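As structure tokens, the structure follows; a few thoughts come after it.
The values are calculated or read from the model by the stated rules, or taken from the named source; none is laboratory data. On a predicted model such as this, the values are computed, not experimentally measured, just so you know. Backbone-built Cβ (ideal geometry, glycine too); neighbour counts: all protein chains shown. Calculation scope for accessible area: heavy atoms of the full protein, side chains included, ligands and nucleic acids excluded. Shrake-Rupley method; radii C 1.70, N 1.55, O 1.52, S 1.80 Å.
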Amino acid sequence: ASSSLTATFSATAAPTIDNTPAAITVVSGDNQSAVAGQPLGTPLVVRVANAANQALPGVTVSWSVTQGGGTLGSATSATNAQGQASNTYTVGGSPGPNQVQAAVQANTAINAQFNATASAVSSTASVDVADFQFTPQDVTIAVGGTVTWNFNQGTHTVTWVSGGFTNSGARSSGTYQVTFPTAGTYQYYCEFHGSPGVGMHGSVTVQ
């Protein structure tokens, strides 16, 4: 007697996706502001899709500054599995409107715009000293500006790494002020809870 064995295989063809970019849209990062010459807080993100609004990975996006100067993190970036590409942007050195364009490299007529604002550098800044940290940790002011530290909790110091400023000494309340006549970046820390660049520390950028 003889017998035969049979096997049945089935397969489903994956749907074909049109890989032709038809649209690029802003996902996040539009309408931010930063002090002139400083980076925006969040990246610029776009999404590239085909005519059916399906996300397209691996598409090269070209980035360019169209107003205000400033600096992009890179000239191009590729979309990920979600069809999204991102970039960083530092606004121009003068107060005013800034604009960045993101375009599909293969067809720059498909593009999207980001708007940002470069704000004037303030002549004053305030830093809270509490909870074993300086808040904000880093501040930017204009040449000739003044920073005020407000001591609210615990005993801390503002001790300078450089700049020749008089240190605050140990304080648990009250305020301490420094006026900055020269451009530069000045690092400081708390003698009790940090060291230069470590633990409880901060910086003042003067421009």
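Only a single item in (1) aliphatic (A, V, I, L, M); (2) in a loop (DSSP other than H, G, I, E, B); (3) surrounded by fewer than 16 Cβ atoms within 10 Å (Cβ to Cβ) is not met by Ala109, and it is number (2). Hey, can you tell me all the residues within segment 60-79 that are open to solvent by less than 40 Å² (accessible area, probe 1.4 Å) and in a strand (DSSP E or B)? Those that are open to solvent by less than 40 Å² (accessible area, probe 1.4 Å) and in a strand (DSSP E or B): Val61, Ser62, Trp63, Leu72, Ser77.
Taken over segment 181-196, residues that are open to solvent by 30 Å² or more (accessible area, probe 1.4 Å), over 20 Å from Ala142 (Cα atoms) and either in contact (Cβ under 8 Å) with a residue 24 or more places away in the chain or β-branched (Val, Ile, Thr) (or both) amount to 5.
Just to be sure, is Ser94 over 12 Å from Ser33 (Cα atoms), open to solvent by 40 Å² or more (accessible area, probe 1.4 Å) and in a loop (DSSP other than H, G, I, E, B)? So Ser94 fits the description; yes. The set of residues from segment 42-53 being closer than 11 Å to Ile24 by Cα and either open to solvent by less than 30 Å² (accessible area, probe 1.4 Å) or not in a strand (DSSP E or B) (or both) comprises Val45, Val46, Val48, Ala49, Asn50, Ala51, Asn53. Of all residues in segment 74-104, those being at positive phi and among the hydrophobic types (A, V, I, L, M, F, W, C) number 0.
Between Ser203, Ser173, the distinction of being modelled with pLDDT of 95 or more and assigned to a loop (DSSP other than H, G, I, E, B) belongs to Ser173 only. One residue alone among Val129, Val147, Val139, Val178 is assigned to a strand (DSSP E or B), in contact with a Cys (Cβ under 9 Å, 6 or more places away or on another chain) and open to solvent by less than 70 Å² (accessible area, probe 1.4 Å), and that residue is Val129. The residue pairs whose first member lies in segment 96-118 and is closer than 12 Å to Ala23 by Cβ and polar (S, T, N, Q), whose second member is open to solvent by less than 60 Å² (accessible area, probe 1.4 Å) and part of a strand (DSSP E or B), and whose beta carbons are closer than 7 Å, counting only pairs six or more residues apart or on different chains, are Asn111/Ile24; Asn111/Gln101; Asn111/Ala102; Asn111/Ala103. Evaluation of Ser122 against the conditions (1) open to solvent by 60 Å² or more (accessible area, probe 1.4 Å); (2) in contact with a strand residue (DSSP E or B) (Cβ under 8 Å, 6 or more places away or on another chain) shows that the sole unmet condition is (1). Here's a check for you: in segment 150-175, which residue that is over 15 Å from Phe132 (Cα atoms) and within 29 Å of the chain's Cα centre (by Cα) is least open to solvent (accessible area, probe 1.4 Å)? Taking the candidates together, the pick is Trp160. Would you mind stating whether Ser33 is assigned to a loop (DSSP other than H, G, I, E, B), modelled with pLDDT under 95 and not hydrophobic (A, V, I, L, M, F, W, C)? No; evaluated as a whole, the condition is false for this residue.
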